[in-house]
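Below is one structure, written out as C-alpha cells, with a few remarks after it.
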Amino acid sequence: MKLQCKKILVDIKISNLDEKFNAELKTKQISVLVSGNKEIINLLKDGDIEAYVDLKNLKEGSYDLPLNIKKPDNIDKVSYDPQKVSVSIKPKEESEVTNAN
C-alpha cells in the first residue's frame with residue numbers, strides 16, 4: 001500500500017449556535033494535512049474533510065475554541081493548524097430576530 005499526503009483548505013463551520021446570537025470567526029479557513037492510501041487520498045473531494053467549532057451552551061462573548069475535524073474513516077492521519085480559533089458571539093439585532101420567524 002502506497003501512502004500519500006495532501007494539503008487541503010477547509011472552511012470552518014459553526015455548530016450548535018443559539019438562534020438568538022450571531023457568531024463571527026476570526027479565522028475562516030484552515031489548512032489540513034491528510035495522509036492515507038494513495039487511491040483514497042486522490043479521491044478526496046470538497047466536503048470530505050470538515051472543520052467546525054462547537055458553540056453549544058455559549059453566550060455572548062469572545063472565545064478561543066478547539067477545532068473539531070470530521071474525516072472519512074479510511075483517512076489515517078490528519079494534522080491541522082491552527083488548533084484553536086477565536087470566535088465572537090453577539091446578540092442578533094432585533095430586526096434579525098423578528099425576520100427569522
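Key figures for this structure:
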quantity: Of residues in region 61-73 being surrounded by 12 or more Cβ atoms within 10 Å (Cβ to Cβ) and part of a loop (DSSP other than H, G, I, E, B), the one farthest from the chain's Cα centre (by Cα); calculated: Pro72
quantity: Within region 11-34, tally of residues that are within 13 Å of Ala51 (Cβ to Cβ) and in contact (Cβ under 8 Å) with a residue 60 or more places away in the chain; calculated: 3
quantity: Residues within region 45-60 that are of a type outside the set (S, T, N, Q) and open to solvent by 40 Å² or more (accessible area, probe 1.4 Å), tallied; calculated: 10
quantity: Residue among Asp76, Asp81 that is among the acidic types (Asp, Glu) and surrounded by 13 or more Cβ atoms within 10 Å (Cβ to Cβ); calculated: Asp76
quantity: Residue in region 30-44 that is surrounded by fewer than 12 Cβ atoms within 10 Å (Cβ to Cβ) and part of a loop (DSSP other than H, G, I, E, B) present; calculated: no
quantity: Considering residues of region 13-29 that are outside any loop (DSSP other than H, G, I, E, B) and among the polar types (S, T, N, Q) only, the residue least open to solvent (accessible area, probe 1.4 Å); calculated: Ser15
quantity: Residue check, Ser88 touching a residue at least 12 places away in the same chain (Cβ under 8 Å), over 14 Å from the mean Cα position of the chain (by Cα), on the phi < 0 side of the Ramachandran plot and part of a strand (DSSP E or B); calculated: yes
quantity: Unmet criterion (only one of (1) more than 12 Å from the chain's Cα centre (by Cα); (2) over 16 Å from Cys5 (Cα atoms)) for Gly36; calculated: (2)
quantity: Flag for Gly47 being out of contact with any helix residue (DSSP H, G or I) (no Cβ under 6 Å at 6 or more places or on another chain), under 16 Å from Leu3 (Cβ atoms) and of a type outside the set (Asp, Glu); calculated: no
quantity: Residue within region 62-74 that is closer than 21 Å to Lys2 by Cα and touching a residue at least 40 places away in the same chain (Cβ under 8 Å) present; calculated: no
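The values are calculated or read from the model by the stated rules, or taken from the named source; none is laboratory data. Since we're looking at a predicted model, the values are computed, not measured. FYI the Cβ positions are ideal-geometry reconstructions off the backbone, even for glycines, and counts take in every protein chain you see. Accessible surface areas use protein heavy atoms only, side chains included; no ligands, DNA or RNA. Shrake-Rupley method; radii C 1.70, N 1.55, O 1.52, S 1.80 Å.
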